[in-house]
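Peer 1: What follows is a single structure, and I will ask about it in a moment.
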Amino acid sequence: MKILTALLLAGALSAAPLPKGDAAKGKELFMQCQLCHSPDAWRTGGLLARKGGPSLRRLYQKSKLTTTGKPVNDDSVLEVINNGGKGMVPYKDSLSAQQKADLIAYLKSQ
């Protein structure tokens, strides 16, 4: 058990890489995220802008995630999708690896 823990901490064992994402499919999936993460929250205020999460418009053009402070990259975005946090429910078991890849592809296209 100690060896497995040490390997995980050292990064020797990592999660399987995500499949290639489809931004068009990710856009469809993002519709359920829009209640809290309006892509146009900067302009329209979003449906739940005051109670919801941050706008994800141009997410991959930002240097850090607003919720965690981690650099914006596929791993950190996937971590938030999987684990949720600050009011966001986790989607680890709700979305398939392909759906997560599609969402990330869509977010990259924005």
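The values are calculated or read from the model by the stated rules, or taken from the named source; none is laboratory data. What you see is a predicted model, and the numbers here were worked out from it, not measured in a lab. Cβ atoms come from the backbone with ideal geometry, glycine included; neighbour counts cover every protein chain shown. The area values use the complete protein model at the heavy-atom level, side chains included, leaving out ligands, DNA and RNA. Shrake-Rupley method; radii C 1.70, N 1.55, O 1.52, S 1.80 Å.
Peer 1: Scan the stretch 62-110 for residues that are touching a Pro at 6+ places or on another chain (Cβ under 8 Å) and over 19 Å from Gln34 (Cα atoms) and jot them down.
Peer 2: Matches in the stretch 62-110: Ser63, Lys64, Ala97, Gln98.
Peer 1: Tell me which helices (runs of 4 or more DSSP H) are completely within the stretch 7-110 and hold 2 or more residues being at pLDDT 95 or above and open to solvent by 70 Å² or more (accessible area, probe 1.4 Å), or say none if there are none.
Peer 2: Counting at least 2 such residues, we get 23-30, 74-83, 97-109.
Peer 1: Another one. Identify all residues within the stretch 72-110 that are without any contact (Cβ under 8 Å) to a residue 24 or more places away in the chain and touching a Lys or Arg at 6+ places or on another chain (Cβ under 6 Å); write none if there are none.
Peer 2: Val72, Ser76, Ile81, Asn82
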